[in-house]
Amino acid sequence: IRPDYPEALVNLGLAQSNLGQLALAAMNYRKALDLRRDYPEAWLNLGYVFQREERWNEAEPCFLQVLALQPENLAARLNLSMVLESLGQAAEAEREARAVISIAPDNLRAHSFLGALLLRKNCTDEAIACASRALDIDPDFVPAHATVAQALLDRETLTRDDVDVLVRGEALAARSAPIPPGKALAAPSPAPTSEPKRTPPLLGGPEPSPA
């Protein structure tokens, strides 16, 4: 890895992050930012590392840096929403999740996360509506099924259609990969981060390796 090639450092960090080597990944994202402070992909992925480590106070400014550079970066805004909720700022988290939906009305994870957030605020009907919108987009999205199931159970009055929804959700969960741990049953994992832009090698250096 060339020490003056921030794109390669970010690609290396992505590979390390995928392998669970979060400390090494963070080190390389920081190196990339030392070379280029206005590099949104480096800020985004550094924030994602902090988010996975539940270092919420460090993740938040990383995502804010991305949004200062790219106001319509949906991954940064949705991850910021999740971080804000973890910091106890539910109103701000809801605002950011709704902002994602206003930019991208078919954003699956935004609808699902907003539903989970509203459920934790005891807004049961609106939570079901948001999670149901996510299921309109992807009928097999397990976190949204989990939100609907929990909301229906909270109501304590189930119709035959409700029971069918619960059975379908349980069947999907049984054959899906485990949902990453979160604060509640329906909490989704962080939104995927963006890959850095591919650029030609500098001065004969290597091509960035795939993430």
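The values are calculated or read from the model by the stated rules, or taken from the named source; none is laboratory data. Owing to the predicted nature of the structure, the values given are computational and were not obtained by experimental measurement. So basically every Cβ, Gly included, is an ideal-geometry build from the backbone, and we count neighbours across all protein chains shown. Protein only, heavy atoms only, side chains kept; ligands, DNA and RNA dropped before computing areas. Shrake-Rupley method; radii C 1.70, N 1.55, O 1.52, S 1.80 Å.
Side notes on the structure shown:
- Members of the range 21-35 that are among the basic types (K, R) and either under 17 Å from the mean Cα position of the chain (by Cα) or surrounded by fewer than 16 Cβ atoms within 10 Å (Cβ to Cβ) (or both): R30
- Note on the range 2-43: residues that are touching a residue at least 60 places away in the same chain (Cβ under 8 Å) and over 18 Å from A76 (Cβ atoms) amount to 9.
- Any hit, the range 46-63, residues being surrounded by 20 or more Cβ atoms within 10 Å (Cβ to Cβ), of a type in the set (S, T, Y) and free of Cβ contacts under 8 Å to residues at least 60 places away in the same chain: no
- Test: residue in the range 137-160 that is among the basic types (K, R), without any contact (Cβ under 8 Å) to a residue 12 or more places away in the chain and open to solvent by 70 Å² or more (accessible area, probe 1.4 Å): yes
- S81 vs. criteria open to solvent by 20 Å² or more (accessible area, probe 1.4 Å), over 30 Å from D4 (Cβ atoms) and not basic (K, R): no
Yes/no matrix, rows are residues, columns are (1) over 30 Å from V142 (Cα atoms); (2) in contact with an Asp or Glu (Cβ under 9 Å, 6 or more places away or on another chain); (3) at pLDDT 95 or above:
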| position | (1), (2), (3) |
| --- | --- |
| L19 | no, no, yes |
| D34 | yes, no, yes |
| D38 | yes, no, yes |
| L46 | no, yes, yes |
| R77 | no, yes, yes |
| E85 | no, yes, yes |
| E94 | no, yes, yes |
| V100 | no, no, yes |
| G115 | no, yes, yes |
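- For D125, the test of being of a type in the set (D, E, K, R), at pLDDT 80 or above and exposed (fewer than 12 other Cβ atoms within 10 Å of the Cβ) is passed.
- Filter pass, D136 being of a type outside the set (A, V, I, L, M) and part of a helix (DSSP H, G or I): yes
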